[in-house]
Amino acid sequence: MSDITHPGVRPTGEEPAVGTPADGLVIAVLTYRRPEDIALALPRLAAQAGTSHPPAGQAGPEQEPLDGPAGPPATVLVVDNDPEASARPIVEQLAGTLRPGLVRYVHEPRPGIAAARNRALREAASSALLVFIDDDEVPSERWLAQLVGLQRSSGAAAVVGPVISEYEHAPEPWIEAGKFFHRRRLATGTRLDVAATNNLLLDLRQVRDLRLSFDERFGLSGGSDTLFTRQLVQRGGSMLWCDEAIVMDRVPSSRLTRGWVLRRALRSGNSAIRVNLELAGGATARLGARGVALGSGSARLVGGSARLAAGLISGSAQHQAKGVRTAARGLGMAAGAFGYVYSEYRRK
């Protein structure tokens, strides 16, 4: 197969395009063996990128630019983290139906989501803004406009939007009772000190000034986005919430199991402690952080187990689910205090 079959799709190894306008915007979607998800998400992302700066004579009431006729030129960047480049065929096929240059594909074979995130940073280096979204998410109609609008009005280094879960099938009552897929909602403009990259806009000039990148030691364990955003705030950047910039997260049946949600809780606690240790600095501070982590993790493990027991006695599914979730997170934290790393994204 040739390296490029459609305009705008670049093979691995080429340097990022030069000459991108200084106000350009890149929507980065990182993917790993999810061709069906990419096929669903990519046209919707391309539609928002296309309406942010439509070709001359094509803007109309139904194609409102982000900021009038001079909205930021936007492209969609697909970073394929599968060593076998499994997303290439579907991206090439979809790109062939869109305006040339609107969609770009790059192959990042190094394993780990942190490597893919850093590839997105490099590919977008000539642009002003970079927006991360997961490959299993679908943006709301004015998602991109809302993120960009708040960043422009505030000058924030980062803007974060909410993620709302939609299920492939109705989850069992135990999972609903535990609220495992319920995420926070905040007032627009609320300042944050940590965020994920599943709905995140970055001002790349400020990211460069703050000397930020994703720590690839966290690539297979998760947590590189937690470390990145905490460092962004600690180094003086501001991060704001935009409650109108909604994306929908499609939760597959494979995640609607007790085993998956509890492993995620354990990983969340484990990676949070690893981030705390990384930010602690010197040996003395790290020793203190380990002690705090062990104490906090042990408290959650004991408290969660007690709540689980109470739930079993009373028959409360909520106490059972939330109790075991707290205990799993506490176990991950306590294990992290001793240096254990749970690699949720490890590959065979």
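The numbers here are math on the coordinates, done by the rules we state, and not lab data. What you are looking at is a predicted structure, and each value in this text was computed from that prediction instead of being measured. Note that we place each Cβ from the backbone using ideal geometry, even for glycine, and neighbour counts take in every protein chain shown.
Directionally averaged projected area (segment 25-255, Cα convex hull): 13.0 nm². Here the dipole of segment 102-214 is about 680 debye; that uses its Cα centre as origin and unit charges on the Cβ of Lys and Arg (positive) and Asp and Glu (negative). Simple point charges give the picture: +1 on the Cβ of Lys and Arg, -1 on the Cβ of Asp and Glu, and for the chain a dipole about the Cα centre of about 1660 debye. Counting only whole DSSP H helices of the chain, the ones at least 24 Å long by C-alpha along their axis and with mean Kyte-Doolittle hydropathy no lower than 0.0 are 35-52, 283-314. Under 5 Å from the amide H of Leu77 lie the amide H atoms of Ile27, Ala28, Val29, Arg104, each residue being 5 or more positions distant or on a separate chain, with H modelled from the backbone and absent for Pro and chain starts. Note on the chain: GNM, Cα springs under 10 Å; of Pro100, Pro111, Pro162, the largest mean-square fluctuation is that of Pro100. For segment 25-255, what is the percent of antiparallel DSSP beta bridges, rounded to the nearest 5? Among the beta bridges of segment 25-255, antiparallel pairing accounts for roughly 30 percent. Rounded to the nearest Hz, the phi-derived 3J(HN,Hα) couplings of segment 100-106 under the Karplus curve 6.51 cos²θ - 1.76 cosθ + 1.60 (θ = phi - 60°) are x, x, 6, 10, 10, 10, 9, where x marks glycine and proline.
Across Glu141, Glu168, Glu216, mean-square fluctuation computed from a Gaussian network of the chain (C-alpha pairs under 10 Å connected) peaks at Glu168. Rounded to the nearest 500, the 222 nm mean residue ellipticity of the chain from helices alone is -14000 deg cm²/dmol, with -39,500 (n - 2.57) taken per DSSP H run of at least 4 residues. Here the 3J(HN,Hα) profile of segment 172-188, calculated from phi with Karplus coefficients 6.51, -1.76 and 1.60 at θ = phi - 60°, is 5, x, 4, 6, 4, 5, x, 6, 5, 10, 8, 10, 5, 10, 10, 6, 4 Hz, Gly and Pro shown as x. Other residues whose C-beta falls under 14 angstrom from the C-beta of Pro252 contribute a net charge of -4, scoring Lys and Arg +1 and Asp and Glu -1. Highest mobility in the GNM of the chain, judged by mean-square fluctuation with C-alpha springs under 10 Å and restricted to Ala334, Ala47, Ala87, is found for Ala47. Taken over segment 258-337, the convex hull of the Cα atoms encloses 59 Å³ per residue.
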